[in-house]
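Here's the structure, in structure tokens; my notes come after.
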Amino acid sequence: EPIVEVRNVSKLYGNTVVALQDIDLSFEKGHLTSLLGPSGCGKTTLLKIVAGLLQPSSGEIRVKGKPVNGPGAERAFVFQDFALMPWASVLENAAYGLKVQGVAKSEREDRARHYIGEVGLHGFEKKYPHELSGGMRQRVGLARALAVDADILLMDEPFSAVDEQTRRKFQEDLMHLREVENKTFLFVTHSIEEAVYVSDRIVLLSPRPGRVSEIIDPQISREIS
Ligand code: ADP
Ligand code: ADP
């Protein structure tokens, strides 16, 4: 049964920009889906709608069967700069969700350290958000979400602008997480190579208006190349 369902979702900005049109998708537990497509095709818009940060103009998002904006709904975690506390260190930020849950300090710090390592930020525990790049900040958000065992993990180009070697290392960290954590990952990228490398399924969006143009099984692409 799907964890997240996107049902007939359209999104207009103003009256003229059709950012998304008639999107129907579902996301299973334990799978990593990439949203792939050129700039402006609506990837970020779709991610924000799934996260409940943006209302669709029509259609509906369901998380575990409940509408995201309805009562008792679970929120997906999206990783953006604003999610971090600028006055707190990477370690404190990663441990924050556990603090809210009332987990004792030594245990929450142990768990936060573990996930900081898992997202490839070992050694950055004492840094502050302003000392990190956008992609690194997203990964601090990812560590926080993993520490509290969030089911749905959303990422918007968390590996952009790093050199090839670093990028490959982060991609491997993500694939490792996907193996060991039975979660629903939704990942935005404009890199076909990256999408083929890390995902179980690629949703290709086409722009103006943003629609699903193809669903690709990366296994097949890997065998061809
Ligand atoms: P992507 O993430 O694939 O680059 P976006 O979701 O950011 O695409 O944008 C999809 C379309 O919606 C683009 O044409 C973009 O210019 C437009 N758009 C995005 N955000 C806004 C906004 N706040 N107001 C008006 N138009 C927007
Ligand atoms: P953005 O999303 O803002 O473009 P990135 O996360 O892609 O930022 O990283 C930008 C810069 O930060 C790159 O120079 C990269 O090498 C460096 N960087 C990111 N993560 C690490 C890390 N774990 N260790 C060392 N350098 C890192």
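Only the coordinates and a few stated rules stand behind these numbers; no lab work does. Not measured: the values here are computed from a predicted model. We place every Cβ from the backbone using ideal geometry, glycine too, and count neighbours over all the protein chains shown.
Numerical summary
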{"read-out": "FRET efficiency for Leu12 and Met175, using Cβ-Cβ distance with R0 set to 30 Å, rounded to 0.05", "value": "0.25"}
{"read-out": "Within the chain, helix-based [θ] at 222 nm, where runs of 4 or more DSSP H residues each add -39,500 (n - 2.57), nearest 500", "value": "-10500 deg cm²/dmol"}
{"read-out": "Lysine pairs in the chain with Cα atoms under 23 Å, if 8 or more residues apart or on separate chains", "value": "25"}
{"read-out": "Summed residue charge, Cβ within 14 Å of Ser221's Cβ, Lys/Arg positive, Asp/Glu negative", "value": "-4"}
{"read-out": "Dipole magnitude (debye, nearest 20) for the range 114-225, charges at Cβ of Lys, Arg, Asp, Glu", "value": "340 debye"}
